[in-house]
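Q: Please find one structure pasted underneath; my questions will follow.
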Amino acid sequence: MTRHAAAPGSWDGRATPASALPPVAEYSLRLGDDALVLAQRLGEWVSRAPQLEEDVALANIGLDLLGQARTLLTYAGEVEGEGRDEDDLAYLREERDFRNLQIVERPNGDFAVTIARQLAFSAYQLGLYRSLCGSADATLAAIAAKAVKEVDYHLDHATQWVLRLGDGTRESHHRMQAALEQVWPYVDEMFDADELTSVLAGEGVAVDPAALRPPWDATVSAVLARATLTRPEPGFHGRGGRRGLHTEAMGQLLAEMQHLHRSYPGASW
Amino acid sequence: MVTGVAEIREVVADVLDPEVPVLTIDDLGVLRDVRVEPDGHVVVEITPTYSGCPAMDAIRDDVLARLRDHGHADAEVRLVLAPAWTTDWMSEGGRRKLAAYGIAPPHVRGTGPLPLSLSVRCPRCGSPDTRETSRFGSTACKSLWTCRSCLEPFDHFKAL
């Protein structure tokens, strides 16, 4: 195997340079990318879920997220002011320009893994949108007020399944616990603050991610306890999504999501 | 060609929701405002029921087509997000039409805490003895229920 020296401008293991986007555009892009990438993952369940009702449920949850992504990406483009619309941002950016958390890009795994992620992410997103309803940025506040009611249903859906699988048969309990172990390494990243969130939170525009942790812990711990599941021990933690560092699965996801638009620019139904 | 705001509103108010084609956008509370600017430019504001509601594009096209047919080619449809849509904006007439169509209408949420165990009446036989099969139904706004009395499955428009 050949080791290549890092050429100027190529990946050297560190993050891409700080984004050139205006702060509010960058923030909107982060939240929009989370919703977009998870919507893409949930769409993969269509025709493959364990029962028809779940096929419909996961597709509908994905559709809610896609709707949120559209408004957030549209807003990011407007604030940027370079004429990029939701499609340009969704389909024509490279992997390193995506700002989503790694938890949403991870492969679906079995149904339990998808549900474990739904619990972790929906509980995070519910707290985020609830706080964001009071944002000093009127557009972000309006998007959050709309989305918070949808995410309420998403968290409820995930909670019902974690209870049913965790406190179910020996096999379902075992697989639900294994699913938590797979998802947990990507939990901490949701609550990482950085310079952008500090500045924007100081202006009352963004939510401080670290402040979302205590209520998240309380919500999730209560569900796991009722489901007779054990909270995984802290260990390895993935980080870097907000700076454009992604796991191997991300490139494959983008290839599928973007290929039609890139191969046939302007294609429509 | 109609010119008054009230008349123009009437022209667009009975555009149907393509996914629940017995409800108009006025019944749903999706139609928020109609304005005519001094130069005759018509602005129609609509709000989505759910962020990802795919009916919005169809509704926008239908509104513009109606306006064109009534002499207003110079028009636009704006999507407004705030205040967020709620099923409480659905008209009484809309709720009755929904039930007659076979979809159990949403409960009124009001401003107080929502009691979680309100029963949903079967739109076919009227029995309150029903159960939720799945919280997510054929569209984002509906859940799937089954009646224990007549055994028929039915859709319920979720309170939001």
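Q: Under a cut-off of 13 Å between alpha-carbon atoms, report the aspartates and glutamates in cross-link reach of A:LYS146, not counting same-chain residues fewer than 8 places apart.
A: Those aspartates and glutamates meeting the cut-off are A:ASP64.
Q: Please say if segment B:5-85 is rounded, prolate or oblate, where rounded means a/c under 1.5 for a ≥ b ≥ c the square roots of the C-alpha gyration tensor eigenvalues, and otherwise the choice is prolate for a/b larger than b/c and oblate otherwise? Numbers along the way, then the final one.
A: On the way: a/c = 1.84, a/b = 1.46, b/c = 1.27.
Prolate is the answer for segment B:5-85, as a/c is 1.5 or above and a/b outweighs b/c.
Q: Assigning unit charges at the beta carbon (Lys, Arg +1; Asp, Glu -1) and nothing else, what dipole magnitude in debye, to the nearest 20, does segment B:90-157 show about its Cα centre? Before the final figure, lay out each step's value.
A: On the way: 10 positive and 5 negative charges, 18 e Å.
Result for segment B:90-157 is approximately 80 debye, rounded to the nearest 20.
Q: In chain A, with Lys and Arg counted as +1 and Asp and Glu as -1 at Cβ, which of these residues, A:LEU140, A:TYR153, A:THR169, has the Cα nearest the positive end of the dipole, that is, farthest along it?
A: A:THR169
Q: Once you list every other residue whose beta carbon is under 9 Å from the beta carbon of A:LEU92, what net charge do they have if Lys and Arg are +1 and Asp and Glu are -1?
A: My count for the surroundings of A:LEU92 gives 0.
Q: Just want to confirm a number: the relative contact order over chain B, from Cα pairs under 8 angstrom separated by 6+ residues, in percent. All intermediate terms of the calculation are to be shown ahead of the outcome.
A: On the way: 276 pairs, mean separation 29.6, N = 160.
Worked out over chain B, it gives 19 percent.
Q: Is segment A:167-263 rounded, prolate or oblate when judged by the Cα gyration tensor, a ≥ b ≥ c being the square roots of its eigenvalues, rounded requiring a/c under 1.5 and prolate requiring a/b larger than b/c?
A: It is oblate, given that a/c is not under 1.5 and a/b is not larger than b/c.
Q: Compute all pairwise cysteine Cβ distances in the protein assembly as shown, then list the cysteines with no distance under 4.7 Å to another cysteine.
A: A:CYS133, B:CYS53, B:CYS141
Q: Restricting attention to the alpha-carbon atoms of segment B:1-146, what are Rg (one decimal) and Dmax (integer), both in Å?
A: For segment B:1-146, the Cα-based Rg and Dmax read 17.2, 57 Å.
Q: Within chain A, which is the longest segment that contains none of the trypsin sites (Lys or Arg not before Pro) sitting in a DSSP loop with at most 16 other Cβ atoms within 10 Å?
A: Longest run free of exposed loop sites: A:49-238.
Q: Kindly state, to the nearest 0.05, the FRET efficiency for A:ARG231 paired with A:ALA178, given R0 = 22 Å and r defined as their beta-carbon distance.
A: Efficiency computed from Cβ-Cβ geometry: 0.95.
Q: Starting from the exponent 0.38 and prefactor 2.2 Å, build the expected Rg for segment A:223-269 from its residue count and divide its actual Cα Rg by it. Spell out each step's value before the answer.
A: On the way: Rg = 18.7 Å, N = 47, 2.2 N^0.38 = 9.5 Å.
Scaled against compact globular proteins, the figure is 1.97.
Q: What is the extension gain from A:GLU82 to A:ALA20, computed as 0.36 nm multiplied by their sequence separation minus the C-alpha to C-alpha distance, in nm to one decimal?
A: 21.1 nm
Q: Ignoring GluC sites (Glu not before Pro) that are buried or in helix or strand per DSSP, and keeping those with at most 14 other beta carbon atoms within 10 Å, what is the longest stretch of chain A between them? Can you show the working numbers first?
A: Values: sites that count: A:GLU82, A:GLU94, A:GLU203.
With a cap of 14 other Cβ atoms within 10 Å, the longest stretch comes to A:95-202.
Q: Can you give the angle from 0 to 90° between the axis of helix A:170-183 and the longest principal axis of chain A, with both taken from C-alpha atoms, to the nearest 10?
A: 20 degrees
Q: Indicate the gyration tensor shape class of segment B:90-157 (rounded, prolate or oblate), computed on the Cα atoms with a ≥ b ≥ c the square roots of the eigenvalues: a/c under 1.5 is rounded; otherwise a/b larger than b/c is prolate and the rest oblate.
A: rounded
Q: Related question: What does the structure give for A:50-56 when I average, per residue, the other chain Cβ atoms found within 10 Å of the residue Cβ? Write out the running numbers ahead of the final one.
A: On the way: counts 0, 1, 2, 6, 2, 1, 8.
Rounded to a whole number, the mean comes out at 3.
Q: Related question: For n ≥ 4 DSSP H runs only, could you compute -39500 (n - 2.57) per run for chain A, divide by its residues and tell me the 222 nm figure to the nearest 500?
A: Using -39500 (n - 2.57) per qualifying helix, the result is -20000 deg cm²/dmol.
Q: For segment B:5-85, what is the percent of antiparallel DSSP beta bridges, rounded to the nearest 5?
A: Roughly 55 percent of the DSSP beta bridges within segment B:5-85 come out antiparallel.
Q: Give me the tail of P(r) for the protein assembly as shown as a percent: Cα-Cα pairs with distance above 39 Å. Spell out each step's value before the answer.
A: On the way: 22181 of 91806 pairs.
Result for the distance tail: 24 percent.
Q: Now a separate question. Could you work out [θ]222 nm for chain B from helices alone, using -39500 (n - 2.57) per DSSP H run of at least four and dividing by all its residues? Round to the nearest 500 deg cm²/dmol. Spell out each step's value before the answer.
A: Numbers: 4 runs with 38 residues, N = 160.
So the helix-based figure for chain B works out to -7000 deg cm²/dmol.
Quick note: the coordinates plus some simple rules give every number you see, no bench work behind them. Please read these numbers as outputs of a predicted model, since none were measured by experiment. Because the Cβ atoms are built from the backbone with ideal geometry, glycine has one as well, and the counts that use them run over all protein chains shown.
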